[in-house]
């Protein structure tokens, strides 16, 4: 006690020169005698009031006075020191007084402390309360802050109290409720909830209150029991990182108690697309989208709008993103295939059409299968997967590859001398750098087909200071690794080593990194080498990496993940996951090169691939009736000497394929596979389909200046006054999203100038690619809180647009628009 008294007095003497202390029960005389306060003279009242008064009133020094009495305080008309008491400060030493002094509160709050005395039994709670207290706090303010301490929240806000309380309840923690009751704060707490949310109950409980709040905001056909403020309460809860797990749990429990599944079963899709209170709603939406897509009862545009609408709802990510992406890509796939009307006239025409638009079908299929696998839910998506597979295989691959085959059937020689041929890669793309004595890095990703190159190009466009340009080329035939890799090297002639499928470059073996390094060193006309990507990535960019790079002007870097995954029968189902990994790996590889002062980079591939996820039908295999001396038998090609087959295959001599060796090759027509024991049949290459032979050549250059920017967002503002509790706002994306103009995500809300949130929040990613500005308009209606027509009426408020900060779960202000609140009192009434 003596330490607390000493500390309390030292604190009080910072603001007062004279302090009176009445120890009416004579319990603390020893504490008074033991006190030693700097620059303070202790005076003990013992019939010497006039002497003390003279000392104090005549004092001209910096001495302060502690006037102590261990007898009852005299009545005012008998108190000779009353004038000094009134002019200075009285120090109290009862329990409540000590607490008040510790908190720096006036004696007028003594009854408050006494009412909640158990709250103040903990030094930890007192210390937390101290941090929250402010000058001029009222009784209500202090109790609010005591509730914040009790509920262990960082914000003194009723919404936050309920979020914390509800989360604790959801986690089976009833301590917070017991603490509110122990500290006599429960009545105050529920009174605040009554005042703001109109919740009444003889036995109020957090779950009962939340049950009504969820019910009001889900059931739009029944008059609400609570105020409209609950909409904002629940909206903010979902967006609060600290408590969002609690929202998830409480929502599931309420969904069960309100039998939401039964209600949803009676509602059409259009009636539930706006709800985000229950996880079951997303399941309902996904189920209906899948069924309508299977039965062709929904347009692609409508479906995409619904998916976009759900994009920023609570359970979208991570719970349902793969499901929504699956239906989105399946719908786009169906739409693109159904509108197809294509004929091919030549190899070059096929290259042009595929690189211009047709690649997108293979891209959409890959993205559908990728997300379908990520969902791991065949029950809901299995039927859609079967439909997508049939569309892709029958209406696209089979039908249009048959048309493409007619071009292949009518050619005598495979193009190897044309500029678009893979065989011209070094001459067309690398030699110009050699001639200019500029260093160039060539990254060869095994089986990176053209549509993958398109997505990689788009990803690079979003990487600031990377400029990239994509074109297509036609692979050598057969489209397999040995020939593709050799075609990318500088050479005069290529040949097949007799009795094998190995390729010789100017009579030199091209098998392996060492052999390719020798060919580069001899044929490139520059300091050139080859290296595996894994070995290159082990270099330290600033030391060993730069030392390595300085030695060469042309560096070929090889990576093999896609092909390695697809060729293995145990991993072929994961080939599209391998493509996603490859994107990340290649971007990391480019950044590594940039850190070694590399500016010129080219990414290409040796061949593409055909892939069908579902198990192939018997009709997908062909019997070629092969005769002759076979050196290499593959699902999609055969090499040998004087070999021939039936009408199921197209035959080329080595010379017709641009090879100087003797022999010939057979290529199965269309998308058919040959029967080969022990090898996978879903992932194949070697044939002449567009998916196998159209390759990306992606030229990448590291720039010193920014190459990307985000689209700007503005609003159409027809008035600067808000006159109702609903504010309709039209947002405009001022530019269309393209390769260099990137999307922008915003969070918008109405706020008072002191930062108080006055509406629900609107989160949206503006990624619209339409050229017409009116098609880049997005509308939202903000629900304003009761404070907007109460405390903040007739004040200036702002519509605040925020954007996420990079690598941080925080938002920063992007733009602000100002309004004046002028809401009529009639808007405060709920509809009845």
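How many residues, within segment 440-473, are surrounded by fewer than 21 Cβ atoms within 10 Å (Cβ to Cβ), out of contact with any strand residue (DSSP E or B) (no Cβ under 6 Å at 6 or more places or on another chain) and at pLDDT 95 or above?
Qualifying residue count for the region: 2.
With the checklist (1) assigned to a loop (DSSP other than H, G, I, E, B); (2) buried (at least 16 other Cβ atoms within 10 Å of the Cβ) in hand, flag the one item residue 763 doesn't pass.
(1)
Could you please find all residues in segment 574-584 being touching a strand residue (DSSP E or B) at 6+ places or on another chain (Cβ under 9 Å) and surrounded by fewer than 18 Cβ atoms within 10 Å (Cβ to Cβ)?
Matches in segment 574-584: none.
Scan segment 226-237 and tell me whether some residue there is under 25 Å from residue 375 (Cα atoms), surrounded by 15 or more Cβ atoms within 10 Å (Cβ to Cβ) and touching a helix residue (DSSP H, G or I) at 6+ places or on another chain (Cβ under 9 Å).
For segment 226-237, residues under 25 Å from residue 375 (Cα atoms), surrounded by 15 or more Cβ atoms within 10 Å (Cβ to Cβ) and touching a helix residue (DSSP H, G or I) at 6+ places or on another chain (Cβ under 9 Å): absent.
Within segment 605-623, restricting attention to residues that are in a loop (DSSP other than H, G, I, E, B) and surrounded by 22 or more Cβ atoms within 10 Å (Cβ to Cβ), which residue is nearest to the chain's Cα centre (by Cα)?
Quick first cut of segment 605-623, residues in a loop (DSSP other than H, G, I, E, B) only: 605-609, 612-617, 623.
Still in the running and surrounded by 22 or more Cβ atoms within 10 Å (Cβ to Cβ): 605-609, 613.
Working: 605: 31, 606: 34, 607: 33, 608: 31, 609: 31, 613: 28 Å.
If we take residues in segment 605-623 being in a loop (DSSP other than H, G, I, E, B) and surrounded by 22 or more Cβ atoms within 10 Å (Cβ to Cβ), then 613 is nearest to the chain's Cα centre (by Cα).
As an exercise: evaluate residue 340 against (1) more than 24 Å from the chain's Cα centre (by Cα); (2) in contact (Cβ under 8 Å) with a residue 60 or more places away in the chain; (3) crowded, with 17+ Cβ neighbours inside 10 Å and give the number of the one condition it does not meet.
Looking at each condition in turn, residue 340 falls short on (3).
For the structure I just gave you, tell me whether residue 419 is loosely packed, with under 15 Cβ neighbours inside 10 Å, touching a helix residue (DSSP H, G or I) at 6+ places or on another chain (Cβ under 7 Å) and under 30 Å from residue 740 (Cβ atoms).
Numbers: loosely packed, with under 15 Cβ neighbours inside 10 Å: yes; touching a helix residue (DSSP H, G or I) at 6+ places or on another chain (Cβ under 7 Å): yes; under 30 Å from residue 740 (Cβ atoms): yes.
Considered against the rule, which asks whether it is loosely packed, with under 15 Cβ neighbours inside 10 Å, touching a helix residue (DSSP H, G or I) at 6+ places or on another chain (Cβ under 7 Å) and under 30 Å from residue 740 (Cβ atoms), residue 419 comes out as yes.
What's the number of the only condition in (1) over 28 Å from the mean Cα position of the chain (by Cα); (2) surrounded by 15 or more Cβ atoms within 10 Å (Cβ to Cβ) that residue 266 fails to meet?
(2)
Please pick out the residue among 779, 791, 747, 798 that is touching a strand residue (DSSP E or B) at 6+ places or on another chain (Cβ under 9 Å), loosely packed, with under 15 Cβ neighbours inside 10 Å and in a strand (DSSP E or B).
From the options 779, 791, 747, 798, the qualifying one is 779.
Out of 156, 149, I need the residue that is farther than 18 Å from residue 236 by Cα and surrounded by 13 or more Cβ atoms within 10 Å (Cβ to Cβ). Which one?
Testing whether each residue is farther than 18 Å from residue 236 by Cα and surrounded by 13 or more Cβ atoms within 10 Å (Cβ to Cβ) leaves just 149.
Do you know which of the residues in segment 518-542 that are within 23 Å of residue 588 (Cβ to Cβ) and assigned to a helix (DSSP H, G or I) is nearest to the chain's Cα centre (by Cα)?
537
If we keep just the residues of segment 284-310 that are in contact (Cβ under 8 Å) with a residue 60 or more places away in the chain and buried (at least 17 other Cβ atoms within 10 Å of the Cβ), which is nearest to residue 381 (Cα to Cα)?
The residue in question is 290.
Those residues that are farther than 28 Å from residue 192 by Cα and surrounded by 15 or more Cβ atoms within 10 Å (Cβ to Cβ), I need them from segment 801-823; list them, please.
Applying the first criterion (farther than 28 Å from residue 192 by Cα) to segment 801-823 yields 801-819.
801, 802, 803, 804, 811, 814, 815, 817, 819 - these are the residues of segment 801-823 that are farther than 28 Å from residue 192 by Cα and surrounded by 15 or more Cβ atoms within 10 Å (Cβ to Cβ).
Can you work out which of the residues in segment 61-83 that are touching a helix residue (DSSP H, G or I) at 6+ places or on another chain (Cβ under 8 Å) and under 19 Å from residue 31 (Cα atoms) is surrounded by the most Cβ atoms within 10 Å (Cβ to Cβ)? Please lay out each step first, then the result.
Step one: of segment 61-83, the residues touching a helix residue (DSSP H, G or I) at 6+ places or on another chain (Cβ under 8 Å) are 65-68, 70, 76, 79-82.
Next, only the ones that are under 19 Å from residue 31 (Cα atoms) stay: 65-68, 70.
Details: 65: 21, 66: 21, 67: 25, 68: 22, 70: 17.
In this case the residue turns out to be 67.
Considering only residues that are in contact with a helix residue (DSSP H, G or I) (Cβ under 8 Å, 6 or more places away or on another chain) and within 10 Å of residue 414 (Cα to Cα), which ones fall in segment 643-658?
658
Condition check: within 21 Å of residue 747 (Cα to Cα) and not assigned by TED's automatic domain parsing to the domain that holds residue 158. Does residue 273 satisfy that? Step through it out loud before you land on a result.
Numbers: within 21 Å of residue 747 (Cα to Cα): yes; not assigned by TED's automatic domain parsing to the domain that holds residue 158: yes.
In short, yes.
When you scan segment 750-758, do you find a residue that is within 27 Å of the chain's Cα centre (by Cα), surrounded by fewer than 13 Cβ atoms within 10 Å (Cβ to Cβ) and without any contact (Cβ under 8 Å) to a residue 60 or more places away in the chain, even just one?
yes
Would you point out the residue of segment 13-54, among those that are in contact with a strand residue (DSSP E or B) (Cβ under 6 Å, 6 or more places away or on another chain) and part of a helix (DSSP H, G or I), that is surrounded by the most Cβ atoms within 10 Å (Cβ to Cβ)?
Once the filter is applied, the top-ranked residue is 52.
Report, by residue number, each residue of segment 169-191 that is in contact (Cβ under 8 Å) with a residue 60 or more places away in the chain and crowded, with 20+ Cβ neighbours inside 10 Å.
169, 170, 183, 185
Just checking, which of 487, 500 is buried (at least 17 other Cβ atoms within 10 Å of the Cβ), in contact (Cβ under 8 Å) with a residue 60 or more places away in the chain and not assigned by TED's automatic domain parsing to the domain that holds residue 633?
Result: 487 is the single residue among 487, 500 that is buried (at least 17 other Cβ atoms within 10 Å of the Cβ), in contact (Cβ under 8 Å) with a residue 60 or more places away in the chain and not assigned by TED's automatic domain parsing to the domain that holds residue 633.
What number of residues within segment 378-408 satisfy the criterion of being surrounded by 14 or more Cβ atoms within 10 Å (Cβ to Cβ) and over 18 Å from residue 671 (Cβ atoms)?
6
Taking residue 680 as meeting all but one of (1) touching a helix residue (DSSP H, G or I) at 6+ places or on another chain (Cβ under 6 Å); (2) crowded, with 20+ Cβ neighbours inside 10 Å, write down the number of the exception.
So the condition that residue 680 fails would be (2).
Test residue 325 against the stated conditions and say whether it is buried (at least 18 other Cβ atoms within 10 Å of the Cβ) and either out of contact with any helix residue (DSSP H, G or I) (no Cβ under 7 Å at 6 or more places or on another chain) or free of Cβ contacts under 8 Å to residues at least 40 places away in the same chain (or both).
no
Looking at segment 527-540, I want the residues that are in the same structural domain as residue 445 (by TED's automatic domain parsing) and modelled with pLDDT of 95 or more and have a partner that is surrounded by fewer than 15 Cβ atoms within 10 Å (Cβ to Cβ) and not in a helix (DSSP H, G or I) with Cβ atoms under 7 Å, at least 6 apart or on another chain. Which pairs are those?
Between residues of segment 527-540 that are in the same structural domain as residue 445 (by TED's automatic domain parsing) and modelled with pLDDT of 95 or more and residues that are surrounded by fewer than 15 Cβ atoms within 10 Å (Cβ to Cβ) and not in a helix (DSSP H, G or I), the close pairs are 527/551.
Identify, please: which residue in segment 683-711 is modelled with pLDDT under 95 and surrounded by 13 or more Cβ atoms within 10 Å (Cβ to Cβ) and is, among those, farthest from residue 483 (Cα to Cα)?
711
What pairs come out if I take residues in segment 657-669 that are at positive phi and pair them with residues that are in a loop (DSSP other than H, G, I, E, B) and surrounded by fewer than 20 Cβ atoms within 10 Å (Cβ to Cβ) whose C-beta lies under 6 Å away, six or more apart or interchain?
Between residues of segment 657-669 that are at positive phi and residues that are in a loop (DSSP other than H, G, I, E, B) and surrounded by fewer than 20 Cβ atoms within 10 Å (Cβ to Cβ), the close pairs are 658/416; 663/654.
Can you find, within segment 546-603, the residue that is nearest to residue 615 (Cα to Cα) among those that are in a loop (DSSP other than H, G, I, E, B) and touching a residue at least 60 places away in the same chain (Cβ under 8 Å)?
Among those that are in a loop (DSSP other than H, G, I, E, B) and touching a residue at least 60 places away in the same chain (Cβ under 8 Å), it is 569.
The values are calculated or read from the model by the stated rules, or taken from the named source; none is laboratory data. All values reported here derive from a predicted model rather than from experimental measurement. A quick note on method: Cβ atoms are made from the backbone with ideal geometry, for glycine too, and the neighbour counts reach across all protein chains shown.
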